[in-house]
Amino acid sequence: MDNSAYGDYQEVRFEEYEKICRRCGICCGSLNDPCVHLGREEESGKYYCRIYQNRFGIRETVGGRQFNCVAIRDNIKMGALQPQCAYTATTKKDFCDSGNISTEIF
Ligand code: SF4
Ligand code: SF4
């Protein structure tokens, strides 16, 4: 696969990966003490990050707790996904299908 084809492939996989998210906001504290940057769409009730493109780093919850915002793939690698997260089911499926947690899409 040449570089251009590989770039296209990565883009498609990235979109597939992003679509897995249900936007429940649980990874950003929607069930208890949310991140101050967590927003919610009025009509759909879905959550979103107000600073998505610059989200990584030390952040703070509404309750004043500091934490490090990391990519969801880092949570997957650390085994730190919430059980309700859509990626939990995905990585379990990949694990069952291949014998390994797939990191191809990350
Ligand atoms: S900064 Fe991180 S934790 Fe906060 S809402 Fe955005 S993605 Fe979620
Ligand atoms: S917990 Fe999982 S499914 Fe829910 S918003 Fe976070 S990444 Fe998406």
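Structure notes:
- Output for the range 35-87, where each listed residue is touching a residue at least 60 places away in the same chain (Cβ under 8 Å) and either over 18 Å from CYS21 (Cα atoms) or β-branched (Val, Ile, Thr) (or both): none
- Pairs where the first residue, in the range 20-33, is buried (at least 19 other Cβ atoms within 10 Å of the Cβ) and the second is part of a helix (DSSP H, G or I) and aliphatic (A, V, I, L, M), C-beta under 9 Å, 6+ apart: CYS27/ILE72
- Residue ID - nearest to LEU31 (Cα to Cα), chosen from residues in the range 83-104 that are modelled with pLDDT of 85 or more and surrounded by 13 or more Cβ atoms within 10 Å (Cβ to Cβ): CYS85
- For the range 37-51, residues that are within 12 Å of ligand 2 (Cβ to nearest atom) and closer than 13 Å to CYS27 by Cβ total 4.
The values are calculated or read from the model by the stated rules, or taken from the named source; none is laboratory data. Fair warning: this is a prediction, and the values are worked out from it, not measured in the lab. A quick note on method: Cβ atoms are made from the backbone with ideal geometry, for glycine too, and the neighbour counts reach across all protein chains shown.
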